[in-house]
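The values are calculated or read from the model by the stated rules, or taken from the named source; none is laboratory data. Because the structure is a prediction, the values reported are computed rather than measured. Every residue, glycine among them, receives a Cβ derived from its backbone with ideal geometry; neighbour counts consider all protein chains shown. Each accessible area value is taken on the protein alone, full model and side chains, heavy atoms only, with ligands, DNA and RNA left out. Shrake-Rupley method; radii C 1.70, N 1.55, O 1.52, S 1.80 Å.
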Amino acid sequence: MVLPPPAPVCWQKSSFSGGADCAEVSHVADEVWIRDSKNPDGPVLRCSRERWASFIAGLAGDKFQSIVV
């Protein structure tokens, strides 16, 4: 489900973004929220902390290396 976040929410960018537009994340209760920094008032993707941890582990393990964008 995609909903706008309630205010205030503390958003964080990756230290690798270099100040560029990118995805931002926020830890809210037992979920992780993800949004596009170029559209801060836009939709928010919400997932469990467990799914987020699995996604990050997949990135660290090059699990998505074969995906071409």
Exercise for review: Mind listing whichever residues of the stretch 25-49 are within 16 Å of LEU59 (Cβ to Cβ) and of a type outside the set (A, V, I, L, M, F, W, C)?
Suggested key: ARG49
Check your understanding: For the stretch 18-66, how many residues meet the condition of being hydroxyl-bearing (Ser, Thr, Tyr), surrounded by 12 or more Cβ atoms within 10 Å (Cβ to Cβ) and over 18 Å from PRO8 (Cα atoms)?
Key -> 1
Practice item. Just need a number here: residues in the stretch 1-12 that are open to solvent by 80 Å² or more (accessible area, probe 1.4 Å), at pLDDT below 85 and either aliphatic (A, V, I, L, M) or assigned to a strand (DSSP E or B) (or both). Key: 3
Revision key, fill the gap. Residue pairs within 8 Å by beta carbon, gap of at least six or interchain, first lying in the stretch 13-32 and modelled with pLDDT under 85, second small (Gly, Ala, Ser) and in a strand (DSSP E or B), listed first then second, are SER14/ALA23
